[in-house]
Amino acid sequence: MNYIDLINQFWELNKEHFFNSNEIAVYFALLNKANSFFWKNPFKQPTKIFTSELVMSEPTFKRCRNRLKQIGLIDFNSGGKNIRDFTEYYILGVNHLPPSVPPSVPPSVPPSVPPSVPPSVPPNNKDKDKDKDKEKRKKENFDFSNIDSKFHLIINDWLEYKKLRRELPKNQKSFETMCNKLLRDSNGNTETAKIIIENSIGNNYQGFFPIKNGFQKQNNTQDTMQSVINIINRRNNE
């Protein structure tokens, strides 16, 4: 894919996954950085560079980055907390390498790599892993039938954040209690609920709280993010 193909692919996926403004800003910031490096793939950058350019908190940036990875748009290997500890980013779908790649890169897997799993590995390990994954997915699925559909996307954002913190509700009852609290704190208003969730995620809170008097949602995006949001609005109005 070329640059235009990556952008078109992103908007097609947006029809299914409904990316929020922060996720859109992070993806296009990564594309812009890859383009500035002449599509070196992977490329390395410290997290603080992106959070500074996007005027975004580190927890919010990492949450967006993880969701983009889950959907299959990017991959990355995290660095440390120091500004000199760079994270390695891959833009998935780029089908060419820059001219600077040395010709010594092996064209295929070296013969020394074992062609298959060593015989000593029990053959049923894969089945056990599948069972674990199935059980894990089962625990993460909650019944939204009793929740107003207008709040589904907002609650999904909160569940993804709690999943990263390994703090998902333990059962359906806990999930419904959490949802009812959000509806009470927001007085049944979706915009208020969205602000409550974004404020908690941006501040890395364990839970969410009602909006205090005088609270105003801050616009923490630069012109690049705003222009991307404007594109979404235009597409939705078409």
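The values are calculated or read from the model by the stated rules, or taken from the named source; none is laboratory data. Please read all numbers here as calculations on a predicted model, not as lab measurements. We place every Cβ from the backbone using ideal geometry, glycine too, and count neighbours over all the protein chains shown. Areas reflect the complete protein model, heavy atoms only, side chains present, ligands, DNA and RNA absent. Shrake-Rupley method; radii C 1.70, N 1.55, O 1.52, S 1.80 Å.
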Could you tell me whether ILE155 is at pLDDT below 90 and either assigned to a helix (DSSP H, G or I) or farther than 29 Å from PHE50 by Cβ (or both)?
no
Flagged in the range 163-180 as part of a helix (DSSP H, G or I) and either in contact (Cβ under 8 Å) with a residue 24 or more places away in the chain or buried (at least 17 other Cβ atoms within 10 Å of the Cβ) (or both), in numbering order, are LEU164, GLN172, PHE175, GLU176, MET178, CYS179
Being open to solvent by 20 Å² or more (accessible area, probe 1.4 Å) and outside any helix (DSSP H, G or I) is the filter; apply it to the range 59-78 and report the residue that is nearest to GLU160 (Cα to Cα).
GLY72
From ASN95, ASN32, ASN22, ASN41, grab the single residue that is at pLDDT below 90 and either in a helix (DSSP H, G or I) or surrounded by 15 or more Cβ atoms within 10 Å (Cβ to Cβ) (or both).
ASN41
So VAL55 fits all but one of (1) at positive phi; (2) open to solvent by less than 40 Å² (accessible area, probe 1.4 Å); what number is the exception?
(2)
